[in-house]
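The values are calculated or read from the model by the stated rules, or taken from the named source; none is laboratory data. Because the structure is a prediction, the values reported are computed rather than measured. So basically every Cβ, Gly included, is an ideal-geometry build from the backbone, and we count neighbours across all protein chains shown. Ligands, DNA and RNA are stripped out before the accessible areas are found, and what is left, the full protein with its side chains, is counted by its heavy atoms. Shrake-Rupley method; radii C 1.70, N 1.55, O 1.52, S 1.80 Å.
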Amino acid sequence: MKLLADSTCDISQDVLTSYSIDLIPLTVTIEGTDYQDRIDITTDSYFQRLQAGSEQASTGAPSPRLYADVFQKAVEDGHKEILCICMSSGTSASYQSGELGKAQFFEEHPDSDVKIHVLDSKSMSHGSGWLLMKSAQMRDNGYSFDDIVHYVESHKTKVKHFLSVDDLSHLIRSGRISGASAVIGKLLNIKPIMSMKDGKGAVVAKERGRNRVFKHYIEEFSKRNDTEQTNFVLIGYTTDRQVALDLQEKLRAETTFTGDSYIMQMGVAVATHVGPGGLSLFFMEK
């Protein structure tokens, strides 16, 4: 069984390598030049360019042809079952491209008996990454392809997202909050906290200052966490790894959670919409 995902899953390269997962990159366009997310541009280099006066990036989904080619390579490598996890169809065309790529593959290989399932994760960033890692763990523990597909399809809307930001201008550009809200937020040091609703990002809370954000995360995690399903949590950041480490320490000290926690930086395709200072937390809720 081969696991694939678009690059917005934001899973770190060491974890991808350990689970033999391949990524299909989104296109990041900066001042007319196209880059492949996480291949020839990094998040740190992108924000350095922004600070130097570069324009904010735009992003584009992988093409159906690219998906079809990646499926073909997986088959050539001997895989008979392929699970491809994509960013929510409510926020990106990646899932639609994946389905078109799957159709294109079978048009070109009508006699193929390979199983391909393209998942609309209904998630963003490490939300789809959480499903990807869970799938890899299930595969390595002997679960069948059909069992894993059933699990991710039936549990995908229970992956809980929390995302807070420092620089509200990036969310304005993405249409997540109004310019007026951003001005007020900046004056009062209010940080919006976003989650997923119906496959799209939505502001679910506003907290004043970083400590209140931490408190919100800890309280919501303690209340919502599914202790049977959440054997690991993912903590994401855009520019400040220390704040992610601080959240990790608070989870250990202030909750009963004893599973693994992973800290991973968001890729450019996600970080361009989040902006510097982004902090996220992902787990399975009840």
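Among the residues examined, Glu220 does not qualify as crowded, with 18+ Cβ neighbours inside 10 Å, in contact (Cβ under 8 Å) with a residue 24 or more places away in the chain and in contact with a helix residue (DSSP H, G or I) (Cβ under 9 Å, 6 or more places away or on another chain).
Residues checked against (1) in contact with a Ser or Thr (Cβ under 6 Å, 6 or more places away or on another chain); (2) within 20 Å of Ser88 (Cβ to Cβ); (3) in a helix (DSSP H, G or I):
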position	(1), (2), (3)
Met196	no, yes, no
Arg212	no, no, yes
Tyr217	no, no, yes
Glu220	no, no, yes
Thr227	no, no, no
Gly236	yes, yes, no
Glu249	no, no, yes
Ala253	no, no, yes
Phe257	no, no, no
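Considering the range 19-45, and only residues there that are within 18 Å of the chain's Cα centre (by Cα) and in a helix (DSSP H, G or I), the residue that is nearest to Cys84 (Cα to Cα) turns out to be Thr43. Checking Asp34, Asp40, Asp14 one by one, the residue that is surrounded by fewer than 23 Cβ atoms within 10 Å (Cβ to Cβ), of a type in the set (Asp, Glu) and closer than 30 Å to Met138 by Cα is Asp14 and no other.
Just to be sure, is Val270 open to solvent by less than 60 Å² (accessible area, probe 1.4 Å), among the aliphatic types (A, V, I, L, M), in a helix (DSSP H, G or I) and within 23 Å of Leu131 (Cα to Cα)?
In short, yes.
For the range 249-279, name all the residues that are within 18 Å of the chain's Cα centre (by Cα) and among the polar types (S, T, N, Q). Listed by number, the residues that qualify are Ser261, Gln265, Thr272.
Conditions (1) within 12 Å of Leu83 (Cα to Cα); (2) in contact with a Pro (Cβ under 6 Å, 6 or more places away or on another chain); (3) open to solvent by 10 Å² or more (accessible area, probe 1.4 Å); (4) in a helix (DSSP H, G or I), marked per residue:
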| residue | (1), (2), (3), (4) |
| --- | --- |
| Gly129 | no, no, no, yes |
| Leu132 | yes, no, no, yes |
| Ser135 | yes, no, no, yes |
| Met138 | no, no, yes, yes |
| Tyr143 | no, no, yes, no |
| Glu153 | yes, no, yes, yes |
| Phe162 | no, no, no, no |
